[in-house]
Every structure is written in structure tokens, then in C-alpha cells.
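The values are calculated or read from the model by the stated rules, or taken from the named source; none is laboratory data. Worth saying up front: this structure is predicted, and the values here are computed from it rather than measured. No Cβ is skipped: glycine too gets one built from the backbone with ideal geometry, and neighbour counts run over all protein chains shown.
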């Protein structure tokens, strides 16, 4: 995700220019800058906070973004936290500090699917802790999302990747961040790449 400073913006543009069509950009995305990121090589823009006003989903803002970049270039970030122990998952915004009234459900995700190409969902309760994934959230995403959905949060081992594959019934993608050795973690990047290649082979094998 982008920071608000110019250095972050500059680095992001350098990255998408170097790998056109291979990276998504999120953080501070609005109708005023979304097309600029796409024009510079981003495959998609990721949006969360902009489409919420006073904790409520603002369909007017969402429709404006779709008009600017198109549904096929938009990823809606539905990163969430439990409202209470064992309770529903609510979308959180503004660096995951503010709860919204948007509760994840099958009907809620279906209603948003016509506005986006993908969903991105950080399990904020476990994000960055490297203590395991939110298995229940992964399972719900696999059941509820009618479009591609990517889960992030808590991955620390290859076993976690397999848990996500199985809990999500093969319908949930995954991102790995701080656990990777290239970012100072213990999970070997090369082993993750190899695991991914093996999954791709399995999917294409008769």
C-alpha cells in the first residue's frame, strides 16, 4: 500500500513502470489519481477508505471510480476485524483503525461483485503476527465470494498456504508479506514460489 508522501508515490510509479500489468496499487486511491496509476502500468487499483463515508459504504463514490477506470481494473479491499469475540466480521478503514457498518456476508459480497474485478481481504486480527491464519474467515471467503478473492494475514509457513487452499476450497488466493525471508522472516521465498508452481500444475493436470 502507498504512503501519502511523495517518495512513496514516486517509488510506486517506478515499480509499475518497470513491471507493466504485473502490479496493483492501493493506498489513497481516488477518481483523481486512479487512471494515472493504470496509465503508468498498474494492472488494478485497490480501494477501501475512499468508498466509505462516515462508516457507511458510499455507492456514489464507488460508481464514480468504476466510471473512471472500469470494473475490470478495480479491486475492493474488504479487510476486516471481528466486531466481538466469535462475532461478525466488519470492514475496517483508515489503516484498519475505524470500524464501518459493513458486515461481511454472502449477500454483501454478491452486491459488490458487480463493481470490481477482485476482492482483497486482510484478516486484520492476525495480520503481521505470523501466528497463523484466520481459518474461519478464509472458509467464509471461499463460500461467499462470487469473484476472485485474495486473503492476507498471519501466513508463516507452507502449511498455512495449504490450510488456506483447503479451507477456501481452492477458491481463495493468498498473499505473503513479512513472513518471507526477503523481508526478514523465516519463510523461504523460493519455496513459496515452488509451492505455487506445484499448485498450478495440479490444477492443469487431468
When the range 180-195 is checked residue by residue, the ones that are within 18 Å of residue 153 (Cβ to Cβ) and either loosely packed, with under 10 Cβ neighbours inside 10 Å or without any contact (Cβ under 8 Å) to a residue 12 or more places away in the chain (or both) are 183, 184
Condition set in contact with a helix residue (DSSP H, G or I) (Cβ under 8 Å, 6 or more places away or on another chain) and part of a strand (DSSP E or B), scope the range 90-117, selection modelled with the lowest pLDDT: answer is 93
Scanning the range 124-137 residue by residue, those at negative phi and exposed (fewer than 15 other Cβ atoms within 10 Å of the Cβ) turn out to be 129, 131, 136
Scanning the range 1-24 for residues that are modelled with pLDDT under 95 and touching a strand residue (DSSP E or B) at 6+ places or on another chain (Cβ under 6 Å), the one surrounded by the most Cβ atoms within 10 Å (Cβ to Cβ) turns out to be 12
Pairing a residue in the range 152-179 that is on the phi > 0 side of the Ramachandran plot with any residue that is modelled with pLDDT of 95 or more and loosely packed, with under 15 Cβ neighbours inside 10 Å, where Cβ atoms lie under 8 Å and the two sit 6 or more apart in sequence or on different chains, gives 169/143
The condition of being surrounded by 18 or more Cβ atoms within 10 Å (Cβ to Cβ) and assigned to a helix (DSSP H, G or I) holds, among 140, 120, only for 140
